[in-house]
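Participant: I'd like to ask you about the structure that follows.
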Amino acid sequence: MQKRNIVFYAALFVATMAMAQNKVNITSTDGTVASYNTSDVSSISIKDNNVTVNPQNKTYKAAQIGFIKCGVGDVQITDAKGWQESAYVEWLPLQGAESYNVYIKGENISEYKKLDSQLVRNYGTYGRADAVGLKAGTYVIKVVPVINKVEYPDKAGEASSLTVRNFDRSGYAHFNHKGGIGAYNNDGTLKANAIVLYITNKNLSTISYYIENGDKNKTPQVGLGKILQAYEKGKETRPLDIRFVGEIKAADQDAANQLLGEANCLNLKGKTFGDEQNVTFEGIGKDATLNGIGIRFNRAGSVEVRNIGIMNQADDCFELTESKYMWIHNVDMYYGEAGSDKDQAKGDGSTDTKKGATMETFSYNHYWDSGKASLCGLSGENTDNYITYHHNWFDHSDSRHPRVRVKSVHVYNNYYDGNSKYGVGATLGSSVFVEANYFRNCKFPMLSSLQGNDVYSGTAIYNPSENGTFSKESGGLIKSYNNKIVDTNNTTSYWPYGATTLLTKGKNVSAASLGVDTKVHFDAYQVVNRNDTVPAEVVTFSGHTSYNNFDTNSKKIYSYMPDAPEDVPSIVEGYYGAGRMDHGDVTWNFSDADDTNYSVDQKMKAMLGSYKTTLVGFFGDGNDSSSESGEKTDTTGTGEKTDSTQVEQPSESLVVSFTGKKPSNAIVTVTGNYSTSKGHATYNNKTYDTCVKMESSTSIVVNATKKYNMTLVFGDSDTASAKINGTKITGNGHVYTQTISGKTTITKANSVNLYVIVLEPQE
């Protein structure tokens, strides 16, 4: 905690002391939270990162101090935290409230900004809202109850001092790439013009949205699968942010229409290798789950996947072919459906990358007892591509962490936690830099095909026919630096190049006693200093290939700051660690026996088979999570997600129409449905045919910072009617004019159609 924050926290604490039901939350550096009623606290002392609560005399190594403010009879907030480019709040239901509006401010959001309704969810016994797309900084979230369709700000609950940090963008996905990967900028905010779609269990096959594909009629694509399919044409330039809410089940969908192929996968394809598509797939909160659904990427580019759980998928969790600049992070991957091969009992691969895929990062993912975690390259590939694995939790997963063919791969700061077969496998002339990882009870931390422990298997017997792991492929070379190997059950074997004493089944054994020449049969070349190169004379036993030393070439490696290997378990298991936010909504405890057992855990499999979301729905939608969220998302993608100060303000009279089913100027953003079949409107001798339908879900925002006369032009047969900032207005005819200043929101009062907005500056 920096010194400049101490005065702020102390002052805020004094200000909130008077409210008996207020709370102070102290978040430790490991992500755990201690909560106190302010009425029970006499003082808080702060020295460096040490925070002491009195009279309890409890001291914490604090990363954050936050406050929850509630009055008697108001919204009672039970939990609120910042995470990575997001923050959340949970609260108890307030009697009489049918819904809640949730607002956030902080960092670059100077005034309270309302969250999208799909971010405010009902879990029966509590409510929860998640704000996403946040810059790093400190935020305040306010929960305002809505009773009889009226907001009650005086009954709001408020959580302050929510600290948000950035995701770790180290790795090849971001190396030499201009702009952010996916739909987000590198600062965590949405890219300009981004399309945002909210996907629920009931709208996967029905959500409707037009993606530019050359269709002159602008016919919307129906269903997420069809929306993704439209990207293959390569004509859509707007970034796309797909936000999954709750559990999405393949069994409940029209799989033939949306999940393509026998693998029941969502498919994103490009037109040519590595097409820049700028697509993000993300989960909202800690419970977003694809159940029975994997995702395939083919010729894709600039794609991000984050904060999603995948289980019971028919094939891979993720398959990446001919793709470039791909970033998959903070994902929970569980058992898939059993395949026909004996090594597919837990499903096929979790993250497989093939056919020249390059510039990819797999980071902070949680692999739950995966059978085959990650394959890098197919046999027959010959391109030297670049991939990073860092801060992943290989939690009792068996093998392929990763298995590498041909490629140059950087593997650092991963937690290998009870792996019954092997850690990193190198074949077919690949070069793999394995750095600062933590191996706990991993049978073979590193293997090169047809040499070392791949053919000796921790014995003195050379037996390639029985022990070869990698289908008799020639070897690849591993450079090892600063890894920590911990063995508590006498199973681990690791033989470095030239070593005279070898870790063999948990014991230190002399190479001479095993009869092993470790300059021929070794698992990895271990260096003393990170920038040491592997000499050219060090070659694989099978194939006689050398290490390419990509990791010491500044033109081929990115900037990064590795953590100490001994710190990796606590980092990966911590609040900002691997998997979904707060480690998701599925927990499972492995036993010590699981360290050496690679069979399917039938109890865990049954638990996954019976998984069911606890999400009830969105507040205010009749407890039905079937919202057609795509139709409610701004077609320009900016909507309420764009700060009005960033929009150019017109200095002369401006006419904003909706031709092409989007506002003609960015000062206006729309969440709602368009139509060209509702008649027309005439204004100043000009006729307009495209309207915004004023429906209950419609929200039109004028992002103004100056004073304007705003004229709303409705259909010629309509009577002007709307709500402006919540106040109902009615015109004498189809035109209505009102002076506005600042951000203005237009919503439905009656079922009419809006064709034009005219803004005339008054200053």
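Participant: Which order do the peptides 487-495, 739-747, 367-375 take when ranked by the mean count of other beta-carbon atoms within 10 Å per residue, highest first?
Facilitator: 367-375, 487-495, 739-747
Participant: For Glu652 and Thr730, what does the FRET efficiency come to when R0 = 25 Å and r is the distance between their Cβ atoms, rounded to the nearest 0.05?
Facilitator: After rounding to 0.05, the efficiency reads 0.30.
Participant: List, in the order given, every pair from Lys202/Lys678; Lys218/Lys612; Lys342/Lys443; Lys324/Lys693 whose Cα-Cα distance in the structure shown is over 30 Å.
Facilitator: Flagged as over cut-off: Lys218/Lys612; Lys324/Lys693.
Participant: Which of [x] 25.0, 80; [y] 28.4, 100; [z] 36.8, 122 is the computed Rg and Dmax of the Cα atoms in Å for the structure on display?
Facilitator: [y]
Participant: Okay, moving on. Give the aspartates and glutamates reachable from Lys519 as a straight Cα distance under 19 Å; neighbours fewer than 8 places away on the same chain don't count.
Facilitator: Excluding near neighbours in sequence, the set is Asp454, Asp532, Glu537.
Participant: Next question, about the same structure. Quick one: which of Lys706/Lys743; Lys155/Lys743; Lys662/Lys706; Lys354/Lys556; Lys269/Lys354; Lys271/Lys355 span more than 18 angstrom between C-alpha atoms?
Facilitator: The pairs that break the limit, which is 18 Å between Cα atoms, are Lys155/Lys743; Lys662/Lys706; Lys354/Lys556.
Participant: Per-residue ellipticity at 222 nm for the chain, helices alone: DSSP H runs ≥ 4 residues times -39500 (n - 2.57), over residue total, nearest 500 deg cm²/dmol?
Facilitator: -1500 deg cm²/dmol
Participant: Let me ask something additional. Taking every DSSP beta bridge that has both residues in the chain, what percent is antiparallel when rounded to the nearest 5?
Facilitator: If we restrict to bridges inside the chain, about 55 percent are antiparallel.
Participant: For Lys58, give me every one of the lysines with a C-alpha distance below 17 angstrom, ignoring sequence neighbours fewer than eight places off in its own chain.
Facilitator: Lys23, Lys47
Participant: Going by average Cβ density within 10 Å per residue, which order do the peptides 78-87, 702-711, 160-169, 546-555 take, highest to lowest?
Facilitator: My ranking of the peptides, most packed first, is 78-87, 160-169, 702-711, 546-555.
Participant: Kindly state, to the nearest 0.05, the FRET efficiency for Asn589 paired with Ser677, given R0 = 60 Å and r defined as their beta-carbon distance.
Facilitator: Here the calculated transfer efficiency is 0.55.
Participant: Also: In what sequence, highest mean first, do 675-687, 111-123, 325-337 appear when ranked by Cβ atoms within 10 angstrom?
Facilitator: With the highest mean Cβ count within 10 Å placed first, the list reads 325-337, 111-123, 675-687.
Participant: Of the beta bridges DSSP finds with both residues in the range 426-571, what % are antiparallel, to the nearest 5?
Facilitator: About 35 percent, rounded to the nearest 5.
Participant: Moving to a separate point now. Pop the C-beta distance of Gln95 and Ser208 into the FRET formula with R0 = 30 Å and round what comes out to the nearest 0.05.
Facilitator: 0.20
Participant: Also: Are there GluC sites (Glu not before Pro) in the range 209-243 that DSSP puts in a loop and that have at most 14 other Cβ atoms within 10 Å, and which ones?
Facilitator: Answer in residue order: Glu212.
Participant: Would you work out which of Val455, Val424, Gly188 lies farthest towards the positive end of the dipole of the chain, given +1 charges on the beta-carbon of Lys and Arg and -1 on that of Asp and Glu, about the Cα centre?
Facilitator: Gly188
Participant: So how strong a dipole does the chain carry about its Cα centre when Lys and Arg Cβ are +1 and Asp and Glu Cβ are -1, to the nearest 20 debye?
Facilitator: Computed charge dipole of the chain: roughly 1180 debye.
Participant: What ranking of Val406, Val143, Val527, Val132 emerges when the number of other C-beta atoms within 10 Å of each C-beta is taken as an exposure proxy, fewest first?
Facilitator: Lowest to highest Cβ neighbour count: Val527, Val406, Val132, Val143.
The numbers here are math on the coordinates, done by the rules we state, and not lab data. It should be emphasised that the depicted structure is a prediction, and the values quoted were computed from it without experimental measurement. Every residue, glycine as well, gets a Cβ built from its backbone with ideal geometry; the counts of neighbours run over all protein chains shown.
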